[in-house]
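Novice: This is the structure, below, for whatever I ask next.
The values are calculated or read from the model by the stated rules, or taken from the named source; none is laboratory data. Remember, it's a predicted structure, so these values are computed and weren't measured experimentally. Cβ: placed from backbone, ideal geometry, glycine included. Neighbour counts: every protein chain shown.
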Amino acid sequence: MRRIYPHRHLLGIEGLTRPEIVALLDAAESLFDVSRRSVRKVPTLRGKTVVNLFYEPSTRTRTSFELAGKRLSADVINISVSTSSAVKGESLLDTVQNLQAMQPDVLVIRHSASGAPHHIAERTRAAVVNAGDGTHEHPTQALLDAFTIRRAKGRLEGLEVAICGDIVHSRVARSNAHLLTTMGARVRFAGPRTLLPVAGESLGATIYDRIEPALEGADVVMMLRVQRERLSGSFLPSTREYSRTFGLNPARLALAKPDAIVMHPGPMNRGVEIDPRVADGQQSVILDQVEAGVAVRMAVLWVLAAEANEFSATGEPRPAV
Ligand code: CP
């Protein structure tokens, strides 16, 4: 049987083909309703073990990977670095080798160092999922964003997507640019000059140093968090000035198409990059993104951990072809 996702790991969106992305989104679609049933569990990954290893804080990604694994009947272990032996100085590689000795099937890792999941993937037998590495990639975020857009708009191809804010530090922007351009959408990056990629690293996006022209006629407006933890004082004059020049408020949103959707990966800085009237408004799909995150992560765990994908995503046996 041909595998719908032929890779051992999910380390990034860069390099995935259009059919591979569509297969992951379709698998997520088939799993979406599991979370809306009264019994939110299918037997698909019974007997498999998923370890979540998070070296950076997370609410959405960590919780949804845990729920995704549990809803597929996998055993899920969460390791919070603040209560692990990392605080005693154990290295990432030693930690992973010790976890490997306990025979996990999937290792989900978030780390502040770009490339950390790739480093681990070369040194473990488990499938590795990148849950966000430094400023590099956040592939499951891009997949859940694409899933949300596809549900709202019916397609990805041909859409105009404005991604606004701190582009240069954003792994979300990078993964989304790779995915959306692969799927035939057009991406616009907008941000202050100090937070835009340098020439040659635009990832196929059109670059704007003002938000208004990037919003004009957009089908999708994706606001990014101002990442205070990755910013030194020289990048921004002040959050108040940032809000005045780059914050998404109702007047600015009116520049986009009337049926444009508003997205944000979270956590939001309300009143900085996004006005609460927009975040909580009719066009916001921010909580839809969160719901999509569970289905997408179920799909990712399924394609990586199920035996040659021989079951349908919901665990129904299907004939070998
Ligand atoms: N979008 C996202 O990665 O959120 P968390 O940091 O809460 O996981």
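Novice: When Val39 is evaluated against the numbered criteria (1) surrounded by fewer than 16 Cβ atoms within 10 Å (Cβ to Cβ); (2) in a strand (DSSP E or B); (3) not charged (D, E, K, R), which criterion, by number, is the only one it fails?
Specialist: Val39 satisfies every listed condition except (2).
Novice: Against the condition small (Gly, Ala, Ser), farther than 21 Å from Leu203 by Cβ and outside the structural domain of Ile21 (by the TED database), how does Ala121 come out, does it pass? Give the steps one after another, and end with the answer.
Specialist: Values: small (Gly, Ala, Ser): yes; farther than 21 Å from Leu203 by Cβ: yes; outside the structural domain of Ile21 (by the TED database): no.
Answer is no for this residue.
Novice: While we're looking at this one, here's another question. Among the residues of the range 95-115, write down those that are surrounded by fewer than 12 Cβ atoms within 10 Å (Cβ to Cβ) and of a type in the set (Ser, Thr, Tyr).
Specialist: Those that are surrounded by fewer than 12 Cβ atoms within 10 Å (Cβ to Cβ) and of a type in the set (Ser, Thr, Tyr): none in the range 95-115.
Novice: Next question. With the structure loaded, tell me whether Gln97 is in a helix (DSSP H, G or I), out of contact with any Leu (no Cβ under 6 Å at 6 or more places or on another chain) and more than 16 Å from the ligand (Cβ to nearest atom) or whether it fails that test.
Specialist: Taking the combined requirement at face value, the residue satisfies it.
Novice: Looking at Glu291, Glu241, Glu216, which is the one that is surrounded by fewer than 19 Cβ atoms within 10 Å (Cβ to Cβ) and either in the same structural domain as Ala28 (by the TED database) or closer than 30 Å to Asp33 by Cβ (or both)? Reasoning before the result, please.
Specialist: Numbers: Glu241 fails: either in the same structural domain as Ala28 (by the TED database) or closer than 30 Å to Asp33 by Cβ (or both); Glu216 fails: either in the same structural domain as Ala28 (by the TED database) or closer than 30 Å to Asp33 by Cβ (or both).
None of the others qualify; the one that does is Glu291.
Novice: Restricting the search to the range 158-200, which residues are surrounded by fewer than 24 Cβ atoms within 10 Å (Cβ to Cβ), modelled with pLDDT of 95 or more and small (Gly, Ala, Ser)?
Specialist: Scanning the range 158-200 gives Gly158, Gly184, Ala185.
Novice: While we're on this one: Which one of these is assigned to a helix (DSSP H, G or I), buried (at least 20 other Cβ atoms within 10 Å of the Cβ) and away from the ligand (no atom under 16 Å from the Cβ): Ile149, Ile120?
Specialist: Working: Ile149 fails: away from the ligand (no atom under 16 Å from the Cβ).
Answer to the check: Ile120.
Novice: Restricting attention to the range 52-71, report how many residues are more than 16 Å from the ligand (Cβ to nearest atom) and either within 22 Å of Gly266 (Cα to Cα) or buried (at least 22 other Cβ atoms within 10 Å of the Cβ) (or both).
Specialist: Here is the first cut: in the range 52-71, the residues more than 16 Å from the ligand (Cβ to nearest atom) are 70-71.
This time we only want the ones that are either within 22 Å of Gly266 (Cα to Cα) or buried (at least 22 other Cβ atoms within 10 Å of the Cβ) (or both), so: 71.
Residues in the range 52-71 being more than 16 Å from the ligand (Cβ to nearest atom) and either within 22 Å of Gly266 (Cα to Cα) or buried (at least 22 other Cβ atoms within 10 Å of the Cβ) (or both): 1 in total.
Novice: For the range 1-60, enumerate the residues that are under 26 Å from Glu122 (Cα atoms) and acidic (Asp, Glu).
Specialist: Glu14, Glu20, Glu56
Novice: How many residues are modelled with pLDDT of 90 or more and under 12 Å from Gly191 (Cβ atoms) if we restrict to the range 227-245?
Specialist: The qualifying residues number 2.
Novice: Just to be sure I understand, how many residues within the range 158-194 are of a type in the set (Asp, Glu) and under 16 Å from Ile274 (Cα atoms)?
Specialist: Count: 1.
Novice: Could you grab me the full set of residues in the range 254-269 that are under 21 Å from the mean Cα position of the chain (by Cα) and surrounded by 13 or more Cβ atoms within 10 Å (Cβ to Cβ)?
Specialist: Those that are under 21 Å from the mean Cα position of the chain (by Cα) and surrounded by 13 or more Cβ atoms within 10 Å (Cβ to Cβ): Ala260, Ile261, Val262, Met263, His264, Pro265, Gly266, Met268, Asn269.
Novice: Looking only at the range 80-94, count every residue that is in contact (Cβ under 8 Å) with a residue 12 or more places away in the chain and either away from the ligand (no atom under 16 Å from the Cβ) or surrounded by 18 or more Cβ atoms within 10 Å (Cβ to Cβ) (or both) and tell me the total.
Specialist: 4
Novice: For a quick check of your reading of the model, give me the residue pairs whose first member lies in the range 49-66 and is within 16 Å of Val300 (Cβ to Cβ), whose second is assigned to a loop (DSSP other than H, G, I, E, B) and away from the ligand (no atom under 11 Å from the Cβ), with beta-carbon atoms closer than 6 Å and at least 6 apart or on different chains.
Specialist: Close Cβ pairs satisfying both conditions: Thr49/Pro104; Thr49/Asp105; Val50/Ala74; Val51/Pro104.
Novice: Right, next: Are any residues in the range 23-41 in contact (Cβ under 8 Å) with a residue 24 or more places away in the chain and not acidic (Asp, Glu), and if so, which ones?
Specialist: Answer for the range 23-41, where residues must be in contact (Cβ under 8 Å) with a residue 24 or more places away in the chain and not acidic (Asp, Glu): Ala23, Leu24, Leu25, Ala27, Ala28, Ser30, Leu31, Phe32, Val34, Ser35, Arg40, Lys41.
Novice: Continuing with this model, one more query. Can you tell me which of (1) crowded, with 19+ Cβ neighbours inside 10 Å; (2) more than 16 Å from the ligand (Cβ to nearest atom); (3) closer than 27 Å to Gly154 by Cα is the one Thr44 doesn't meet?
Specialist: Failing condition for Thr44: (3).
Novice: Sticking with this one: Can you name every residue in the range 140-167 that is farther than 29 Å from Thr245 by Cα and either among the basic types (Lys, Arg) or in contact (Cβ under 8 Å) with a residue 40 or more places away in the chain (or both)?
Specialist: Thr140, Leu143, Phe147, Arg150, Arg151, Arg155
Novice: If you go through the range 44-66 one residue at a time, how many are part of a loop (DSSP other than H, G, I, E, B) and under 20 Å from Gln103 (Cα atoms)?
Specialist: Qualifying residue count, the range 44-66: 5.
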